[in-house]
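Take a look at the structure below.
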């Protein structure tokens with residue numbers, strides 16, 4: 001496609017020289033897809049050329065179009081709408097382009113000039129005090145998809161998961177378990193380990209708020225009551241005991257984290273995401289403390305009277321930031337300093353992408369600025385893929401209040417919805433019960449992933465449960481159904497002996513829907529490159545939806561297997577097969593699988 005566009009620009013330059021005697025730089029010529037209501041495939045906006053060529057935009061369009069139609073064999077026709085020159089491309093050119101597409105697998109790398117070659121994508125980053133929720137799903141799907149898109153450009157990508165397995169929030173669950181657990185285990189409770197830990201995190205917050213209210217009733221100011229509440233004091237003491245390595249605290253921590261890891265693993269497997277490397281804050285915080293000591297030694301950090309360590313980033317437009325508490329315990333950024341260095345030691349990355357919600361924008365700015373203060377060579381390689389939070393119609397989700405949409409429960413709901421919709425359509429013939437369950441899961445996850453990924457990552461989004469499980473329209477299942485439809489055509493074509501590898505050189509003309517489909521398929525490489533540049537799976541989601549829509553128009557408007565001309569029939573089967581390949585590759589970049597049968 002890029003080659004065709006480049007050839008057209010060269011021809012337009014030649015036309016301008018021949019008609020107007022003016023040399024136009026290629027950079028001044030912008031081609032874009034022609035709007036569907038007009039004939040043509042590429043449109044040149046002529047308004048920017050009026051000054052150089054000394055004519056009105058419509059005159060320029062008419063003159064250039066007429067010259068191209070006469071002298072350029074790639075152009076079969078043109079029309080001018082005000083300042084827009086719409087160019088119609090000869091069918092022979094589309095057939096030649098399709099032949100090139102047919103020879104090149106969609107899975108082949110799409111090199112992107114100037115893109116980083118060694119990339120670490122860090123995503124998920126769960127806390128071991130609660131199960132994954134809806135917000136985590138957007139994070140996981142976004143991180144996984146970005147990694148797959150970057151891989152498609154030929155980059156060496158490492159998927160990393162930094163587990164937040166230490167800190168005051170973990171101690172809260174542990175304290176609550178000590179007070180209220182009575183030896184309960186995931187087995188005895190009959191629930192997943194991550195859900196059990198989350199239960200005690202909510203219990204801690206419930207009783208902690210009650211203690212604050214009691215202190216306030218006794219006349220204690222709210223800020224002081226929050227610090228003096230017995231449960232919070234216990235949690236702080238436990239954190240110090242953990243960092244001191246107290247055996248009993250470490251044993252409880254290991255036991256509860258072990259339960260949570262089993263729960264996480266089950267969820268990750270169920271939602272189809274994976275990781276190449278795990279990091280644990282319980283290990284990285286020690287290296288982070290070393291970096292804090294290094295900063296003190298270099299004089300770029302300072303210590304306050306109470307013994308806490310800070311960095312002054314006011315000159316960078318930020319603020320003073322705590323790096324180590326007065327009692328010697330670390331904070332989030334302490335371990336982040338350590339993790340950034342470990343990742344660089346392990347992978348020598350050109351780019352380290354952090355998939356973290358936009359609520360942490362300031363924190364990520366502080367991390368990068370602090371690493372620059374330390375003079376770390378990888379500071380400039382840090383990139384924060386900041387994404388918008390997911391809201392519910394009722395407002396924000398709050399883990400501590402137990403008002404989150406649980407990931408496991410949500411997946412069960414969308415799978416059940418996919419099952420109901422599929423049964424309603426009556427498209428389950430010839431599939432075993434096991435195959436049907438796999439299909440429902442595949443469609444349900446497709447609906448959920450597509451819903452969360454089709455929105456630009458930077459945008460905050462409202463999660464509407466009813467909309468998310470729609471199986472028609474701009475949805476994952478619509479695209480999946482399109483792929484399954486083509487699979488059926490391919491099987492039928494093979495059984496009837498249609499040769500999809502036939503020679504199409506004798507094909508005289510194409511239908512409008514065939515030209516549109518070839519043009520869209522030829523744009524796949526450009527879409528992958530743009531999605532990689534923008535770190536946006538939404539670019540791929542929009543593209544694959546448009547491809548599926550175009551194919552369904554093609555399927556409706558022209559016969560395929562009932563076509564009488566054997567060359568046209570073979571071409572349409574081959575076009576269908578390439579469309580299926582592009583759909584499968586595109587959905588694969590989103591972490592969505594496709595059904596061969598429905």
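Bear in mind these aren't lab numbers, they're just calculated from the coordinates by the rules spelled out. In this text the structure is predicted, and so the values were computed from the model without any measurement. Cβ sites come from the backbone with ideal geometry, for glycine too, and all protein chains shown count toward neighbours.
Here the label points at residue 300 and residue 18, each 7 Å from Cα along the C-beta direction, are separated by 6.1 nm in the simple model.
Helical content of the chain, expressed as a calculated mean residue ellipticity at 222 nm, amounts to -18500 deg cm²/dmol (DSSP H runs of 4 or more residues, -39,500 (n - 2.57) each, divided by residue number, nearest 500).
With the biggest extent put first, the Cα atoms of the stretch 485-598 measure 45, 31, 23 Å across the principal axes. In this label model, residue 240 and residue 213 are separated by 3.0 nm, measuring between points 7 Å along each Cα→Cβ vector.
The stretch 414-484 and the stretch 533-598 have their alpha-carbon centroids 17 Å apart.
Just to verify a number: FRET efficiency for residue 96 and residue 117, C-beta to C-beta distance, R0 = 30 Å, to 0.05?
Values: r = 32 Å, r/R0 = 1.08.
It comes to 0.40.
Each peptide in 80-90, 571-581, 270-280 gets a packing score, the mean of other Cβ atoms within 10 Å over its residues, and the list from highest to lowest is 571-581, 80-90, 270-280. Computed from the C-beta positions of residue 433 and residue 71, the FRET efficiency with R₀ = 51 Å rounds to 0.20.
Multiplying the residue separation of residue 108 and residue 293 by 0.36 nm and subtracting their alpha-carbon distance yields 61.9 nm. Modelled spin-label separation between residue 359 and residue 308, with each label point placed 7 Å from Cα along the Cα-to-Cβ direction: 2.1 nm. Packing, as the average of other Cβ atoms within 10 Å across residues, places the peptides 561-568, 210-217, 538-545 in the order 538-545, 210-217, 561-568, highest first. I want the antiparallel fraction of DSSP beta bridges within the stretch 123-401, as a percent rounded to 5. The antiparallel fraction comes to roughly 45 percent.
Tell me the Kirkwood hydrodynamic radius of the chain in angstroms, computed as one over the mean inverse distance between distinct C-alpha pairs.
Taking the inverse mean of 1/r over all distinct Cα pairs, the chain comes out at 27.8 Å.
Look at 14, 422, 30 and count the other Cβ atoms within 10 Å of each Cβ; fewest to most, that gives 30, 14, 422. Considering only beta bridges that DSSP places wholly inside the chain, some 50 percent are antiparallel. Projection of the Cα convex hull of the stretch 287-408, averaged over all directions and equal to a quarter of that hull's surface, yields 10.0 nm².
Share of pairwise Cα-Cα distances greater than 18 Å in the stretch 2-89 is 32 percent (whole percent). Once every Cα of the stretch 407-589 carries one equal point scatterer and solvent is ignored, give the base-10 log of I(q)/I(0) from the Debye formula at q = 0.08, 0.12, 0.13 Å⁻¹, two decimals. Calculated log10 I(q)/I(0) at the listed q: -0.29, -0.64, -0.74.
Between residue 345 and residue 534, what FRET efficiency comes out of the Förster formula 1/(1 + (r/R0)^6) with R0 = 35 Å and r the beta carbon distance, rounded to 0.05?
Numbers: r = 29 Å, r/R0 = 0.84.
Taking R0 as 35 Å, the efficiency between residue 534 and residue 345 is 0.75.
Multiplying the residue separation of residue 332 and residue 51 by 0.36 nm and removing their Cα-Cα distance gives an extension gain of 95.4 nm. Computed across the stretch 123-401, the Kirkwood radius stands at 20.3 Å (inverse of mean 1/r, all Cα pairs). Full extension of the chain between residue 188 and residue 221 yields a length gain of 7.7 nm, computed as 0.36 nm times the residue separation minus the alpha carbon distance.
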